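Have a look at the structure below, then the notes.
No lab work stands behind these numbers, since they all come straight from the coordinates. Since we're looking at a predicted model, the values are computed, not measured. Reconstructed Cβ throughout: ideal geometry from the backbone, glycine too, with neighbour counts over all protein chains shown.
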Amino acid sequence: MAILKILQYPDERLHIVATPVERITDRIRVLVENMAETMYAAPGIGLAATQVDVHERIIVIDTSETHDQLLVLINPEIIARSGVSDYEEGCLSVPGIYGKVQRAESVTVSALNVDGESYTLDADGLLAVCIQHEMDHLAGKVFIEYWSKLKQSRTLAKLKKKQRSVM
């Protein structure tokens, strides 16, 4: 397994729309393992393939306290949503930045697992937020793009300043 490089906002590759996985092969299974290892090492609770510069519809999530309940969603689709939730979000591609985003309080998602089996999952709370956040990545959208233009530009300036101080 390997730790993958996570793209950092405002990298334009974060805006590439992911394509469906045609077949689940050993390459896909290895990618899922590497994505999970990368997510846990970061540390984070979710990672979309887009964030590691692979533009296929794959997400890994683990919102458990023990970090041992990996959820793999290949070709996920939200088939139902209800309620409204304002949740404080962060992102591995936008390190150190947190802010509220309005999303559905609960979702029903259909996806494939690593064995190519179709399943449906009902999620609420943090898991529902995480699914929606990661699915935005597959659509080429980063969570701060829900904010006002002013807040986005301030965030971008803060990120650039932080990146300069690291170099």
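Considering only residues of region 28-50 that are among the β-branched types (Val, Ile, Thr) and crowded, with 19+ Cβ neighbours inside 10 Å, which is farthest from residue 92 (Cα to Cα)?
Residues of region 28-50 among the β-branched types (Val, Ile, Thr): 28, 30, 32, 38, 45, 50.
After this cut, where a residue has to be crowded, with 19+ Cβ neighbours inside 10 Å as well, the list is 28, 32, 38, 45, 50.
On the way: 28: 21, 32: 17, 38: 10, 45: 9, 50: 12 Å.
Residue satisfying both the conditions and the ranking: 28.
Restricting the search to region 35-90, which residues are in contact (Cβ under 8 Å) with a residue 60 or more places away in the chain and among the charged types (D, E, K, R)?
Of everything in region 35-90, just one residue is in contact (Cβ under 8 Å) with a residue 60 or more places away in the chain and among the charged types (D, E, K, R), namely 57.
Keeping to region 51-72, report how many residues are within 12 Å of residue 133 (Cβ to Cβ) and surrounded by 21 or more Cβ atoms within 10 Å (Cβ to Cβ).
First, the residues of region 51-72 that are within 12 Å of residue 133 (Cβ to Cβ): 51, 59, 61, 63.
Then keep just the ones that are surrounded by 21 or more Cβ atoms within 10 Å (Cβ to Cβ); that gives 51, 59, 61.
Residues in region 51-72 being within 12 Å of residue 133 (Cβ to Cβ) and surrounded by 21 or more Cβ atoms within 10 Å (Cβ to Cβ): 3 in total.
Show the residue pairs meeting these rules: Cβ distance below 8 Å; 6+ apart or different chains; first residue within region 103-119 and farther than 12 Å from residue 80 by Cβ; second residue aromatic (Phe, Trp, Tyr).
Every condition considered, the pairs that remain are 103/87; 111/119; 112/119; 113/119.
Pick from 128, 111: which is outside any helix (DSSP H, G or I), among the aliphatic types (A, V, I, L, M) and under 25 Å from residue 20 (Cα atoms)? Steps first, answer last, please.
On the way: 128 fails: outside any helix (DSSP H, G or I).
After ruling out the rest, the residue left standing is 111.
Where in region 32-104 are there strands (runs of 3 or more DSSP E), lying wholly inside it, with at least 3 residues that are farther than 17 Å from residue 1 by Cβ? Walk me through how you get there before you give the answer.
Details: elements: 46-48, 58-61, 71-82, 85-91, 94-103.
Strands (runs of 3 or more DSSP E) meeting the threshold: 71-82, 85-91, 94-103.
Would you please name the residue that is farthest from residue 27 (Cα to Cα), looking only at residues in region 45-87 that are in contact with a helix residue (DSSP H, G or I) (Cβ under 8 Å, 6 or more places away or on another chain) and acidic (Asp, Glu)?
So, considering only residues that are in contact with a helix residue (DSSP H, G or I) (Cβ under 8 Å, 6 or more places away or on another chain) and acidic (Asp, Glu), the one farthest from residue 27 (Cα to Cα) is 62.
Considering each residue of region 108-138, count those that are under 19 Å from the mean Cα position of the chain (by Cα), among the small types (Gly, Ala, Ser) and under 21 Å from residue 34 (Cα atoms), and give that number.
Matching residues across region 108-138 total 1.
Determine, yes or no, whether residue 4 is assigned to a loop (DSSP other than H, G, I, E, B) and in contact with a strand residue (DSSP E or B) (Cβ under 9 Å, 6 or more places away or on another chain). Write out each step before concluding.
Details: assigned to a loop (DSSP other than H, G, I, E, B): yes; in contact with a strand residue (DSSP E or B) (Cβ under 9 Å, 6 or more places away or on another chain): yes.
Answer is yes for this residue.
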